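Working notes, beginning with the structure itself.
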Amino acid sequence: MSRRAFATALPVAAAFFLALGSTNTRAASPADPALVLLRASLGAPKVVSYVGQLETVRFSSSRATATIVRVEHRAPSLTRRWYLAPESLYGDYTITRGIATYDFDIKNSRVTISHNPALDEQISSAGNFDRVLANYRAVLGGNDIIAGRATRSVVLINKYTGERAIRVWIDERTHLVLKKEEYHGNGAVASQMRFEGVRYTNAIPDGVFSTDPPSGYAQIAGHDFKMPSTDVGRVIQEAGFAPASPKDLPQGFSLVGGSVATTNGVKTIHLVYSDGLRTISLFENATGAAADFGALRPKTLRFENHDAEYVEDGPTTLLTWREHGVYFALVGDLLRNELVDIAKSVVP
Amino acid sequence: MSNHITTDLLVDYVHHELAPEEDALVHAHLGECAGCRREVENESALTDALRSAAAAEETDMPSLVAARVWETIRSARPSPLGRLAVLLRPAVAVPLAAALVIGAYVAVPLSHGGPAPTIDAGYYFEQHAAAQVQYPLAERGATLQPADRAALEDDSPPAQLAEQSNVGVATVDFISAVR
């Protein structure tokens, strides 16, 4: 590792471990009824089997995009999602078996198989719930009927800003999350998820989760995603260059991991920052390889003498710019001006 | 609930038309009665078949049929001599040579100072989503695929857009219509 890379790695790694320590010491009391309910909801998919219809609406700055899927889930880790909308996905379906996902594209007769260890619910609930408690206050909300089921809602409020970040409606008997709303910092709804119907049953046939491709289907190897490593020093060493880190992050966010991957011949480092609920990704490549937006139509903006481009996928924004030969891509479910403020603080 | 459930009630159950209390009663009965479960499976199969048939009418040809046709075409291979003869025809040979030259040019961009490599914007979204999924209450599916994101930045009104290009944008109004 070069001296410059090492000099950057040390403070980044130190900040990471400091953040880990502060997360653990500020955890809230686990006896709080809102927390008990919330914790139970995280484990519910491991023990509850169901079929239902799920609607998801994601809001960008100019439009709403929606998906409607029929879901069959057999605990602990088999799930099929069958798309009813949008029209372009109608009939396509996805089967998740543990960490493997099979995307069946019926129009093009192909199935894409990818793996993501982060899909393991145990990983998600074990390490990160404390981080949520450190940064958010859980408050019990009212009772409501969702999909014909009695639910109790829990609101998570950001401890630093006092803003409502997320509200979930939890089935009182099964603890499955039946509705969820996520909010931007300005109070606007970022996304909604809601079961229109749900039926709890263990009698879902094995055939529903069959991953055998129909005759004539091509099998395509998808991504094998890696869990971001918490050994940031090693990640930086692997990258072979000193990445820049944002100096100003929203309160509660800290570096939680990173990874290095080579895509299209370009080595790219991916740094992940999180406050437990929300995540920001910062990608950097030292070759200056720009993003190929393809059919997407990026919009331009300018900050601190940089010409940047951005596109939105629902509430998720990708902001890209180049500085000192390094190409940066910042992704997060934050408002555009919040992302720009973070980008300004990334100084190579 | 005694004996068996009426067919009308079962049909309404399959189509989510029952009131919550009735739905729960039927659901409980199905847990104990294999006969009624078979009835429900039959009704579900019929519904799926009708839905598939309706979907097939909307397209030119069912994709599975199309796949089989292509499979048959591909399996009907000419003899080696026949294949060579096809390659030597000017109509094939000239474009083939041009494609080879262009392919070689693109394959070694650094040697001729050609365009620098780029990274698909979808890669950033996918990697971000994959990292995000480990956090509590994160989405685990049911979001748009990268190919559908192209529609998101189009400035056309959603209804027009869907009509023009059959892309994957559904508005809240559309959801209501589906219901």
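The values are calculated or read from the model by the stated rules, or taken from the named source; none is laboratory data. Keep in mind the model is a prediction, meaning the values are calculated, not measured. Positions of Cβ are backbone-derived with ideal geometry, glycine not excepted, and every protein chain shown enters the neighbour counts.
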If a residue has to be part of a loop (DSSP other than H, G, I, E, B) and surrounded by 15 or more Cβ atoms within 10 Å (Cβ to Cβ) to count, how many in segment A:323-347 make the cut?
4
Take the residues in segment A:60-75 that are surrounded by 17 or more Cβ atoms within 10 Å (Cβ to Cβ) and more than 18 Å from the chain's Cα centre (by Cα); name whichever of them is farthest from the other protein chains (Cβ to nearest Cβ).
A:ARG74
Give the number of residues within segment B:24-74 that are at pLDDT below 75, under 20 Å from A:TRP82 (Cβ atoms) and hydrophobic (A, V, I, L, M, F, W, C).
8
Determine, yes or no, whether A:ALA289 is in a loop (DSSP other than H, G, I, E, B) and buried (at least 19 other Cβ atoms within 10 Å of the Cβ).
yes
A:VAL168 meets each of (1) part of a strand (DSSP E or B); (2) farther than 17 Å from A:LEU42 by Cβ with one exception, condition (2)
I'm trying to understand the selection: among the residues of segment A:299-322, which are at the interface with chain B (Cβ under 7 Å from one of its Cβ atoms) and either assigned to a loop (DSSP other than H, G, I, E, B) or in contact with a His (Cβ under 9 Å, 6 or more places away or on another chain) (or both)?
A:THR316, A:LEU318
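The rows are residues; the columns are (1) under 27 Å from the mean Cα position of the chain (by Cα); (2) assigned to a loop (DSSP other than H, G, I, E, B); (3) more than 13 Å from chain B (Cβ to nearest Cβ).
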position	(1), (2), (3)
A:GLY187	yes, yes, yes
A:GLU196	yes, no, no
A:ALA203	no, yes, no
A:PRO214	no, yes, no
A:ARG234	yes, no, yes
A:ALA244	yes, yes, yes
Counting only residues that are touching a Gly at 6+ places or on another chain (Cβ under 9 Å) and more than 21 Å from A:GLY216 (Cα to Cα), segment A:89-106 contains a total of 1
Give segment A:127-145 a look and list any residue that's closer than 30 Å to B:HIS27 by Cβ and within 11 Å of another protein chain (Cβ to nearest Cβ), or say none.
A:ILE145
Show the residue pairs that are 6+ apart or on different chains and have beta-carbon atoms under 7 Å apart, the first residue being within segment A:76-89 and closer than 24 Å to A:SER41 by Cβ and more than 7 Å from chain B (Cβ to nearest Cβ), the second being of a type outside the set (A, V, I, L, M) and not in a strand (DSSP E or B).
A:PRO76/A:LYS46; A:SER77/A:GLY98; A:LEU78/A:PHE209; A:ARG80/A:PHE209
Which residues, counting only those in segment A:272-283, are in contact (Cβ under 8 Å) with a residue 60 or more places away in the chain and outside any loop (DSSP other than H, G, I, E, B)?
A:SER274, A:ILE280, A:LEU282
Hey, A:ILE113 hits all of (1) surrounded by fewer than 20 Cβ atoms within 10 Å (Cβ to Cβ); (2) over 29 Å from A:ALA221 (Cβ atoms); (3) more than 11 Å from every other protein chain (Cβ to nearest Cβ) but one; which does it fall short on?
(2)
Cβ-Cβ under 8 Å pairs, at least 6 apart or on other chains, segment B:116-132 side more than 7 Å from chain A (Cβ to nearest Cβ), far side surrounded by 21 or more Cβ atoms within 10 Å (Cβ to Cβ)
B:GLY122/B:ARG149; B:ALA129/A:THR316
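Within segment B:1-23, track down each residue that is part of a helix (DSSP H, G or I), modelled with pLDDT of 80 or more and surrounded by fewer than 13 Cβ atoms within 10 Å (Cβ to Cβ). Reasoning before the result, please.
Quick first cut of segment B:1-23, residues part of a helix (DSSP H, G or I) only: B:7-14, B:20-23.
Next cut, modelled with pLDDT of 80 or more only: B:7-14, B:22-23.
Selection gives B:THR7, B:ASP8.
Yes/no matrix, rows are residues, columns are (1) more than 15 Å from B:HIS128 (Cβ to Cβ); (2) without any contact (Cβ under 8 Å) to a residue 40 or more places away in the chain; (3) in contact with a Phe, Trp or Tyr (Cβ under 8 Å, 6 or more places away or on another chain):
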residue	(1), (2), (3)
A:ALA289	yes, yes, yes
A:THR320	no, yes, yes
A:ALA329	no, no, yes
A:LEU334	no, no, no
A:GLU338	yes, no, no
Taking the condition at the interface with chain B (Cβ under 9 Å from one of its Cβ atoms) and β-branched (Val, Ile, Thr), does A:VAL331 pass?
yes
